[in-house]
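The values are calculated or read from the model by the stated rules, or taken from the named source; none is laboratory data. Just so we're clear, the structure is a prediction, and the values are computed from it rather than from any experiment. Glycine also receives a Cβ, built like all others from the backbone with ideal geometry; neighbour counts cover every protein chain displayed. Each accessible area value is taken on the protein alone, full model and side chains, heavy atoms only, with ligands, DNA and RNA left out. Shrake-Rupley method; radii C 1.70, N 1.55, O 1.52, S 1.80 Å.
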Amino acid sequence: MAAYRIGIIGAGNVGGTLGKIWSGRGHDVLFGVRNPETAEPVGRMGTLAEAFAHGEVLALATPWSAVREVLQSAGDLTGKILFDCTNPLLPGLAGLEYGNDNSGAEMVAEWAPGARVVKVFNTTGFNVMADPEFEGGPPAMFYCGDDAGAKAAARQLAGEAGFEALDAGPLAQARLLEPLALLWITLAMKYGYGRDIAFRLLRR
């Protein structure tokens, strides 16, 4: 298994959880935040610029409202593997900003030209990422992208986090994974299922 230098862009619930998991698996993780001197530490902290420079793999885990600004201030990300862990949610969970003929992940690829973007770690909550054990087996973690090497990294790192990593196809498949994320969020937050739920792919 490859050991990666990973830059976590954002140190909130999702970023903090994934960073702790990957640090525990022997990867070299640096969290990037706007003000590392005042942020609550969740691991080794640096600026956004330092995390972008550090990571051969980058995990984008900021609020959707900050994504474009953060990426456009990142400099040249050509060749970097960029995991898009965000969802383009409208306020009040009213829907998605992009859908049908576009996706948040495809906008991420547009805002970070040259980066090898993979949509992943967006279809379940951070609590499930922190503890993915269920009686029925590991939850599914779908990922999609256009670069085989970047998808291999996503498959490895999702597996190390305790998920069944499932290739969902090219990056345009994020048009389906982002609504799946909204389904999880609304089931968990609005319709009484609670946050301890996850999707799993059954076969026969």
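If Glu178 passes every condition in (1) touching a Leu at 6+ places or on another chain (Cβ under 8 Å); (2) open to solvent by less than 40 Å² (accessible area, probe 1.4 Å); (3) over 17 Å from Cys85 (Cα atoms) but one, which one does it miss? For Glu178, the exception is condition (3).
Would you please name the residue that is nearest to Ala198 (Cα to Cα), looking only at residues in region 129-182 that are in a loop (DSSP other than H, G, I, E, B), of a type in the set (A, V, I, L, M, F, W, C) and out of contact with any strand residue (DSSP E or B) (no Cβ under 6 Å at 6 or more places or on another chain)? Even if it seems obvious, please write down each step before you answer.
So in region 129-182, the residues in a loop (DSSP other than H, G, I, E, B) come out as 131-139, 146-147, 161-163, 168-170.
Going one step further and asking which of them are of a type in the set (A, V, I, L, M, F, W, C), we end up with 134, 161, 163, 168.
Remaining after also requiring out of contact with any strand residue (DSSP E or B) (no Cβ under 6 Å at 6 or more places or on another chain): 134, 161.
Working: Phe134: 9, Ala161: 14 Å.
Filtering first and then ranking leaves Phe134.
Selection of region 185-204 for residues being outside any loop (DSSP other than H, G, I, E, B) and in contact with a Gly (Cβ under 7 Å, 6 or more places away or on another chain) yields only Ala188. Taken together, Arg203, Arg116 contain a single residue that is out of contact with any Phe, Trp or Tyr (no Cβ under 9 Å at 6 or more places or on another chain) and at pLDDT below 95, which is Arg203.
Would you check if Ala51 is open to solvent by 10 Å² or more (accessible area, probe 1.4 Å) and among the small types (Gly, Ala, Ser)? Show your work before the answer.
Numbers: open to solvent by 10 Å² or more (accessible area, probe 1.4 Å): no; among the small types (Gly, Ala, Ser): yes.
When the stated conditions are applied, Ala51 does not pass them.
Contact annotation: residue pairs with Cβ atoms under 9 Å, 6 or more positions apart or on different chains, pairing a residue in region 1-22 that is touching a residue at least 40 places away in the same chain (Cβ under 8 Å) and within 14 Å of Leu58 (Cα to Cα) with a partner that is open to solvent by 30 Å² or more (accessible area, probe 1.4 Å) and polar (S, T, N, Q), are Ile6/Ser23. Output the residue which, of all residues in region 98-128 that are farther than 19 Å from Ala168 by Cα and not in a loop (DSSP other than H, G, I, E, B), is most open to solvent (accessible area, probe 1.4 Å). So, considering only residues that are farther than 19 Å from Ala168 by Cα and not in a loop (DSSP other than H, G, I, E, B), the one most open to solvent (accessible area, probe 1.4 Å) is Glu110.
Can you tell me which residues in region 186-198 are within 29 Å of Asp101 (Cβ to Cβ) and either surrounded by 18 or more Cβ atoms within 10 Å (Cβ to Cβ) or of a type in the set (Lys, Arg) (or both)? If you could, list the steps in order and put the result at the bottom.
If we filter region 186-198 for residues that are within 29 Å of Asp101 (Cβ to Cβ), which is where we start, we get 186-191, 198.
Selection gives Ala188, Lys190, Ala198.
Looking at Gly149, Gly95 in this structure, which one is surrounded by fewer than 24 Cβ atoms within 10 Å (Cβ to Cβ) and at pLDDT below 95?
Going through Gly149, Gly95 in turn, just one is surrounded by fewer than 24 Cβ atoms within 10 Å (Cβ to Cβ) and at pLDDT below 95: Gly95.
Considering region 152-164, the residues that are in contact (Cβ under 8 Å) with a residue 40 or more places away in the chain and crowded, with 18+ Cβ neighbours inside 10 Å include one that is nearest to Ser103 (Cα to Cα), namely Ala154. Take the residues in region 61-92 that are among the polar types (S, T, N, Q) and within 23 Å of Val29 (Cβ to Cβ), then tell me which one is least open to solvent (accessible area, probe 1.4 Å). Applying the filter and picking the extreme gives Thr86. The residue pairs whose first member lies in region 62-74 and is aromatic (Phe, Trp, Tyr), whose second member is open to solvent by 20 Å² or more (accessible area, probe 1.4 Å), and whose beta carbons are closer than 9 Å, counting only pairs six or more residues apart or on different chains, are Trp64/Asn87; Trp64/Leu89; Trp64/Glu97.
Within region 129-146, the set of residues being closer than 11 Å to Ala161 by Cβ and open to solvent by 10 Å² or more (accessible area, probe 1.4 Å) comprises Ala130, Asp131, Pro132, Pro138. Filtered by the rule that a residue be within 19 Å of Lys151 (Cβ to Cβ), open to solvent by 40 Å² or more (accessible area, probe 1.4 Å) and of a type in the set (Gly, Ala, Ser), region 1-42 gives Ala2, Ala3.
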